[in-house]
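S.K.: Please see the structure below; I have some questions.
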Amino acid sequence: MDSVLSRPFSNGTQAMERNQRPTDPGRILRVYFLNERGVSIAQFARATGLSRSHVSNIVNGKVTVTPETAFRFARVLDTTPEFWLNLQTAVDLYDVGKKLAKWRPVESL
C-alpha cells in the first residue's frame with residue numbers, strides 16, 4: 001500500500017507562483033475601506049481599539065495582520081476575520097516563496 005508521505009502532492013508550488021506580489025491587507029484596508037468611507041487612520045484605530053501607529057504600520061505594510069487584528073477589523077468593517085487573514089497569508093506565502101525559491105530539502109522522505 002502506498003504511503004501518504006511517498007506520494008507527491010499536487011503541484012501546489014506551481015499554483016502559488018506569481019510574478020507580482022499580492023496586494024497586502026493594509027492597502028486593501030486603505031483603498032477599499034478607509035478612503036471609500038472617508039475614514040481616517042485615527043478614526044479607524046479608535047473604532048478597533050488599536051493604536052493609531054499600529055494601524056498606520058499595517059496600512060503602510062510595515063506589520064502584518066494577526067488573527068486578533070483580523071477579528072477587530074472584521075467586527076468594525078462587517079467583514080470576516082478570514083478575509084483579512086487570507087489576504088495576509090497570500091502575501092506571506094509569496095514572500096517566503098521568493099525567499100526559499102532555490103531551497104531544496106536535504107533529504108527526501
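S.K.: Hey, what's the per residue convex hull volume over the C-alpha atoms of region 25-99, in cubic angstrom? Before the final figure, lay out each step's value.
M.R.: Details: hull volume 5.8 nm³, N = 75.
Per-residue hull volume (Cα only) is 78 Å³.
S.K.: Counting only the backbone N, which residues of region 40-54 are under 18 Å from the spot 7 Å out from the Cα of GLU68 toward its beta-carbon?
M.R.: 45-54
Each value in this text was obtained by applying a stated rule to the coordinates, not by laboratory testing. As the structure is a computational prediction, the values presented were derived from the model and not from experiment. Glycine gets a Cβ as well: all are built from the backbone with ideal geometry, and neighbour counts include every protein chain shown.
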